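The values are calculated or read from the model by the stated rules, or taken from the named source; none is laboratory data. Predicted model, so just to flag it, every value in this text is computed and none were measured. Don't worry about glycine lacking a Cβ; one is built from the backbone with ideal geometry, like all the others, and counts go over all protein chains shown. Surface areas here come from the heavy atoms of the whole protein model, side chains and all, with no ligands, DNA or RNA. Shrake-Rupley method; radii C 1.70, N 1.55, O 1.52, S 1.80 Å.
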Amino acid sequence: MTETAERSLTDRVKRGLHLGVARAERAYDRVAHRLRRRFDRYEAELHPYRGFGGPGGAVVWGRVMNDTGVSEALETDTTWDNVKAMARRFNTREIPHVALDVEAGGEHYPAQTDEEGYFRVDLPAAPAGWEGWSTARVEVAGPDRVEYGEASAEAPVMVPSPAARFGIVSDIDDTVLPSGATRLVDLIRTTVTNNAHTRAPFEGVATFYAALTAGEAGPATNPIYYVSSSPWNLYDFLLEFMDVHGLPKGPILLRDLGLDNNRFIKGSHRRHKLTQLETVFLTVPDLPFVLVGDSGQRDPEIYAEAVRTYPGRIRAIYLRDLGVPARRQEVETIFGSFGEPVPMLHTSDTAVAAHHAAEMGLIG
């Protein structure tokens with residue numbers, strides 16, 4: 001058998017395995033859902049995520065689930081308490097195909113949850129009068145109100161102030177939050193055994209981000225968006241973490257790690273981040289951006305592509321140096337190839353990044 005034929009056979013086997021596992025997961029979810037509907041009382045809980053918008057569109061999204069059983073973390077929680085809480089986050093009882101009504105700016109938009117319980121409504125533009133943080137209202141609609149209860153919730157949506165000079169897009173793992181994302185065992189251990197109180201951001205990050213978001217209209221004039229490849233299951237943990245440690249409030253854009261017909265994890269790290277960057281950039285088409293990430297995964301390559309795709313939209317790029325010498329050289333090569341000069345700093349010291357941003361006039 002030729003090398004080409006062997007590769008083709010291997011690809012077919014992999015695809016067959018992907019399809020089989022994906023179908024098995026969907027079949028399991030359908031059966032589990034039917035059994036719970038028959039023997040359990042489903043009380044729908046609406047979990048809206050922080051949305052965002054502007055003249056180019058707006059996003060209202062979230063998830064519908066049965067009781068998650070996760071409560072707010074305490075500083076006194078033990079490692080075992082943290083392990084149990086993390087297990088509950090991933091042992092979700094999502095409710096698929098629930099009819100929803102989303103009211104935003106006096107207009108009503110129908111929605112329905114997908115097989116994993118997620119919903120998303122894309123508005124053509126942010127409603128008139130929305131500036132800063134506004135709210136859309138989401139509620140269970142139609143006959144599903146009888147089966148799942150009359151659940152409703154307010155979904156926060158951020159629309160930048162006209163006084164904003166730029167936006168900030170920041171990675172989370174190993175950029176804001178030390179996680180060991182480049183080492184799977186360290187990442188799992190750190191994530192599972194800690195909580196929002198026992199984990200801390202890198203030194204100076206909260207102060208640096210507060211300075212970046214500050215402007216003439218107040219401390220949150222410039223909008224910040226957190227984009228990460230972490231799963232949506234960690235959303236409540238990240239909200240709590242950012243609140244506990246005083247990080248500026250902004251939408252958190254995560255991803256679904258479920259199966260699809262082509263791969264074991266839906267979408268690649270690179271594709272997910274580029275898609276989310278595109279969505280953010282399109283909602284605020286006139287706003288330039290500062291990009292913040294790290295050199296541990298593929299942020300340099302992703303941000304380099306953003307520079308090429310959106311010429312003139314990137315004010316500066318800051319990358320946390322995670323101490324890998326070979327990676328330093330790769331980063332220098334990537335950013336030395338720009339056709340458009342974009343200020344870039346690769347450093348392990350947040351104070352150095354803040355000094356650079358002050359010299360550029362990005363912060364006071």
* Looking at this structure, is THR182 closer than 30 Å to ASP81 by Cβ and either assigned to a loop (DSSP other than H, G, I, E, B) or modelled with pLDDT of 95 or more (or both)? -> yes
* If THR78 passes every condition in (1) closer than 24 Å to PRO201 by Cβ; (2) in contact with an Asp or Glu (Cβ under 7 Å, 6 or more places away or on another chain); (3) among the hydroxyl-bearing types (Ser, Thr, Tyr) but one, which one does it miss? -> (2)
* Asked: Which residues, counting only those in the stretch 55-84, are open to solvent by less than 20 Å² (accessible area, probe 1.4 Å), among the hydrophobic types (A, V, I, L, M, F, W, C) and either free of Cβ contacts under 8 Å to residues at least 40 places away in the same chain or out of contact with any His (no Cβ under 8 Å at 6 or more places or on another chain) (or both)?
  -> ALA58, VAL59, VAL60, TRP61
* Give the number of residues within the stretch 38-54 that are modelled with pLDDT of 75 or more, surrounded by 16 or more Cβ atoms within 10 Å (Cβ to Cβ), not hydrophobic (A, V, I, L, M, F, W, C) and not in a strand (DSSP E or B). => 2
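Residues are listed down the side, and each one gets a yes or a no for (1) assigned to a loop (DSSP other than H, G, I, E, B); (2) in contact with a helix residue (DSSP H, G or I) (Cβ under 6 Å, 6 or more places away or on another chain); (3) of a type in the set (Lys, Arg); (4) buried (at least 20 other Cβ atoms within 10 Å of the Cβ):
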| site | (1), (2), (3), (4) |
| --- | --- |
| THR279 | no, no, no, no |
| ASP286 | yes, no, no, no |
| ILE302 | no, yes, no, yes |
| ILE317 | no, yes, no, yes |
| GLN329 | no, no, no, no |
* Is it the case that ILE224 is at pLDDT 95 or above, open to solvent by less than 20 Å² (accessible area, probe 1.4 Å) and over 30 Å from PRO110 (Cα atoms)? -> no
* **Among residues of the stretch 85-117, those that are basic (Lys, Arg), free of Cβ contacts under 8 Å to residues at least 60 places away in the same chain and touching a helix residue (DSSP H, G or I) at 6+ places or on another chain (Cβ under 9 Å), counted** => 1
* Asked: Which ones in the stretch 243-257 are open to solvent by 10 Å² or more (accessible area, probe 1.4 Å) and either of a type outside the set (A, V, I, L, M, F, W, C) or in contact (Cβ under 8 Å) with a residue 60 or more places away in the chain (or both)?
  -> ASP243, HIS245, GLY246, LEU247, PRO248, LYS249, ARG255, ASP256
* For the stretch 90-119, which residues satisfy the criterion of being open to solvent by less than 20 Å² (accessible area, probe 1.4 Å) and among the hydroxyl-bearing types (Ser, Thr, Tyr)? -> THR113
* To do: May I ask you to list the residues in the stretch 124-175 that are polar (S, T, N, Q) and under 30 Å from MET360 (Cα atoms)?
  => SER161, SER170, THR175
* **Criterion violated by PHE264 - all others in (1) over 25 Å from PRO201 (Cβ atoms); (2) modelled with pLDDT of 95 or more; (3) assigned to a loop (DSSP other than H, G, I, E, B) satisfied** => (2)
* Does any residue in the stretch 349-364 that is closer than 14 Å to ILE317 by Cβ come within less than 6 Å, Cβ to Cβ, of a residue that is of a type outside the set (A, V, I, L, M, F, W, C) six or more places away or on a different chain, and which pairs are these? -> ALA353/TYR318; ALA353/THR347
* Hey, can you tell me all the residues within the stretch 306-315 that are surrounded by 13 or more Cβ atoms within 10 Å (Cβ to Cβ) and of a type in the set (Gly, Ala, Ser)? => ALA306
* From the list VAL83, VAL21, pick out the single residue that is of a type in the set (A, V, I, L, M, F, W, C), at pLDDT below 50 and part of a helix (DSSP H, G or I). => VAL21
* Count - residues of the stretch 57-80 that are assigned to a loop (DSSP other than H, G, I, E, B) and aromatic (Phe, Trp, Tyr) -> 0
